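Here the structure comes first, spelled out in structure tokens, and everything after it is commentary.
Laboratory data are not the source of any read-out in this text; all were calculated from the coordinates shown. Model, not experiment: these values are computed from the prediction. Methodologically, a virtual Cβ is constructed for each residue, glycine included, from the backbone with ideal geometry; neighbour enumeration extends over all protein chains shown.
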Ligand code: PHE
Ligand code: ZN
């Protein structure tokens, strides 16, 4: 058991730094068995911190201090204090220069934080607190410095040497070595530092900015991937243009570089001028990456690029403010993707994801506000709440202020705080000052955790021709927050008459109607709104576009939902009505299963889906979304006690029924689209994504029929295609089918063909790890022995272990607890070399309160076993100990 508890850090304890660093000059000497880092820091007392010269406490971990100099005085061990995480020195004047040399070991750094090796390449990851593993420093985001970096390495092995900013000098050294110096003129915190050295090729392009400056764009990859960069480059250029047009933001350096690395804990990182990307977030071509991967890459490229303003030019004062840059940047990238593809479909995908995963986080032991009050390990707070809910908070501000005032607010924010490290309050203040809107109460979204519930009731008064909606909001207790104050909740709504026509909306007391769709801003625990001139009982369309991240409930009948599905002018709510209809019907099947009754499907679901399938006016991506039943994880999230067996049985039963009853229209839609796919070369664009999405979902239903002609079609799609979207889906459908021989053959063929492409093998692992057929755990354990699997590579861990624990509920939650035991074993193993990845894999075990008493006890047993397994990282300790509370 851990002897020393990690310390909890509180937002309320924030203090300005005692010292500042104006200039940072670094020299890296990279070798195979160690590296040397020389740092020269031009420092001064922070005038805002008060008088006197307190001790200077620098962060530093896992390094060997070789020399230390204060101005022109060499310091000896008697002059400083060294602990495993800090170096303390007494300065003797208000301005001074500190020189240090340390030895570090990137070649054995398996945590992938600080300076490390991915394959043969050196790279860095410094956010949040990785820079302290590189040199002694004030490793906090409110210390901003200019950086000059020289990298020296063997020329043959590492022909490319990169760091932030512009290249200013380079040359050859002794013993086959060479060096390059980079200078970043923009002051930045250490978490945005980056360095890369490797044998890399690059794809080059240029971008002309709005003020006609030419920027060089480069994407660096390992030579074998040079053919997979075009999509990322196109996405980058679109992002640069979009940020100019929508936010007035121009790029500021002469060069923008991206490097793809295979071993990376997250998706990508926005280091100034030198973004480092997980190769899965860059590399794509038709043959190897699916449509979903193409869209994800476009979104991540935009996200990291947008950070140049929302994160780099204006950064965070401290890590409690993480959502200042992340929530805002996710909102920005979501709007970008909505503009590039189908807006409604993007919103549907994001909402489904938020409701399944962020709502679960909000309901669990790690629940925290968008701006947390405390943490033990900041790496644990790169969460769905900070990112996705944070983006919802920004979206609500956008909704409440309107696009124009929001833009004024963002302009003011960037102008006022350029070059500063600021807080969420500073952001809100800029929005308030620019718009005149008071956001005091709104700020509760930053400080209160938990998903609000919104219960809505209606009352129609035929005599008075008035229609009243009453909204009651509440929010469940979360750790440390027993009571919640009312939120500001923007509810966009419309009212439909019996013909499906939208009524003009005039509230009591208003002179005239204000359109047929409008936003009501709720501020109280209970609040009513009365609409006048309502000639007949209307049907409300509520929370259009999911205008607030809440759980809304309104007593819709199934017939009313079917009506909304067809008539609502809001595309998101048409989908939402279909989902709610499916939820009601699936919950009925779940109850039948639990009662041991024969399952009987409400035929209205079939009728509704038939209408969707036969409507050739509808965007095909919408048809595909509407045909998708709510996922098992979502059904679990909305259950009081999640019965995974019943959920799985109910959903499978519904799928079979749909397949049987709608075989004809599904087959027609499939064949029509497959014929087009056969003729056309692959293009990564919205209309084609839509077409293939419908083709593929139709195929998965059709395979439920078990018919020979469908199997033949599936095999044909698997074999005869130029793209991964069709091939992978056909293989996934086979993997989940009872056709054992075809399944084995296609898996083997695929693996043989793609064995040298790790990103494609990740997909091969995931498809198998996610298969709900019996024996899931054994398959996963066997796959861990496959030569392409490697526990040290985070993408592999996510593809196999993550996919099993998160996307295969029926197997993971096996009643004997074997899935839990397996995951706990993996977490313990991972924690030995990569704590961040270990802690992330714990998420499904933190949700134990959702399950029955037996499973609860099994999961708690595994959490306790992890706690007792030895010295744990702060990362894993924090998640496990909070989960057991
Ligand atoms: N800041 C990165 C992003 O949002 C995420 C990240 C965090 C990457 C921590 C690495 C480490 O784009
Ligand atoms: Zn980000």
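Taking only the Cα atoms of segment 548-615, how large is their convex hull per residue, in Å³?
101 Å³
In what sequence, highest mean first, do 677-686, 320-329, 257-266 appear when ranked by Cβ atoms within 10 angstrom?
Ranked by mean Cβ neighbours within 10 Å, highest first: 320-329, 257-266, 677-686.
So, by mean Cβ neighbours within 10 angstrom, what's the order for 835-841, 584-590, 169-175 with the highest one leading?
Packing proxy ranking, top to bottom: 835-841, 584-590, 169-175.
Length gain on complete extension for the stretch residue 175 to residue 110, per 0.36 nm per residue less the alpha carbon to alpha carbon distance? Intermediate results must be reported in sequence, preceding the final value.
Details: separation 65, 0.36 × 65 = 23.40 nm, distance 2.86 nm.
Roughly 20.5 nm would be gained on extension.
On a 0 to 90 degree scale, rounded to 10, what angle separates helix 390-401 from the longest Cα axis of the chain?
70 degrees
Kindly provide the helix-only [θ] at 222 nm of the chain, computed as the sum of -39,500 (n - 2.57) over DSSP H runs of four or more divided by all residues, to the nearest 500 deg cm²/dmol?
My calculation for the chain gives -12000 deg cm²/dmol from helical runs alone.
Give me the distance in nm between label points sitting 7 Å out from Cα along the Cα-to-Cβ direction at residue 512 and residue 447, one decimal.
Taking the two extended label points, one gets 4.1 nm.
Run the numbers for residue 168 and residue 53: contour at 0.36 nm per residue of separation, minus the present Cα-Cα distance, in nm.
Extra length from residue 168 to residue 53 when fully extended: 37.8 nm.
With a/c under 1.5 counting as rounded, go ahead and sort segment 765-835 into rounded, prolate or oblate using the C-alpha gyration tensor (a ≥ b ≥ c being the square roots of the eigenvalues; past the cut-off, prolate if a/b is larger than b/c, else oblate).
Values: a/c = 1.92, a/b = 1.31, b/c = 1.47.
It is oblate, given that a/c is not under 1.5 and a/b is not larger than b/c.
What distance in nm lies between label points placed 7 Å from Cα along the C-beta direction at residue 67 and residue 745?
7.0 nm
Roughly how tilted is helix 740-754, in degrees to the nearest 10 and between 0 and 90, from the longest Cα axis of the chain?
So the inclination is approximately 30 degrees.
So if R0 is 35 Å, what FRET efficiency would residue 234 and residue 821 give, r being the distance between their Cβ atoms, rounded to the nearest 0.05?
Using R0 = 35 Å, I get an efficiency of 0.15.
By its C-alpha gyration tensor, with a ≥ b ≥ c as the square roots of the eigenvalues, how is the chain shaped: rounded for a/c under 1.5, else prolate for a/b larger than b/c, else oblate?
Note, shape of the chain comes out prolate.
Taking 7 Å along the Cα-to-C-beta vector as the label spot, tell me the residue 44-residue 22 distance in nanometres, rounded to one decimal.
0.4 nm
Work out, step by step, the length gained on full extension between residue 871 and residue 226: first 0.36 nm times the residue separation, then minus their alpha carbon distance; give nm to one decimal.
Answer, rounded to one decimal: 227.9 nm.
When a/c is below 1.5 the answer is rounded, else prolate if a/b is larger than b/c, else oblate, so apply that to segment 723-876 with a ≥ b ≥ c taken from the square roots of the Cα gyration tensor eigenvalues.
Details: a/c = 2.61, a/b = 1.55, b/c = 1.69.
It is oblate, given that a/c is not under 1.5 and a/b is not larger than b/c.
If packing is taken as the average count of other Cβ atoms within 10 Å, what order do 133-141, 868-876, 853-861 fall into, highest mean first?
133-141, 868-876, 853-861
Between the helical axis of 874-884 and the dominant principal axis of the chain, each derived from Cα atoms, what acute angle in degrees is found, rounded to the nearest 10?
So the helix axis and the longest Cα principal axis differ by about 40 degrees.
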